[in-house]
Amino acid sequence: MTPKRTDKSNLPQKICAACGRPFAWRKKWARDWESVKTCSDRCKGDLRRTNRKA
């Protein structure tokens with residue numbers, strides 16, 4: 001019996017609001033995927049810094 005594998009190319013993707021790069025769905029974002037805007041904590045910090053300056 002072979003283990004279950006998820007094909008990563010079938011995961012939903014979004015474009016990061018801070019850096020503009022695409023990022024894929026992660027299991028830890030399952031419950032709030034609709035509200036995820038950035039690909040990482042670093043981008044989240046960058047986005048907050050740019051919003052604060054404006």
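The values are calculated or read from the model by the stated rules, or taken from the named source; none is laboratory data. Predicted, not measured: the structure shown is a model, and the values here were computed from it. Heads up, the Cβs are rebuilt from the backbone with ideal geometry, glycines too, and the neighbour counts pull from every protein chain shown.
Suppose we keep only residues that are basic (Lys, Arg) and not in a loop (DSSP other than H, G, I, E, B) within region 1-22. Which one would you say is surrounded by the fewest Cβ atoms within 10 Å (Cβ to Cβ)? Taking the candidates together, the pick is Lys8.
Among the residues of region 9-21, write down those that are touching a residue at least 12 places away in the same chain (Cβ under 8 Å), closer than 17 Å to Arg42 by Cα and under 10 Å from the mean Cα position of the chain (by Cα). Listed by number, the residues that qualify are Lys14, Cys16, Ala17, Arg21.
Apart from one condition, Trp25 fits all of (1) modelled with pLDDT under 90; (2) surrounded by 10 or more Cβ atoms within 10 Å (Cβ to Cβ); the exception is (1).
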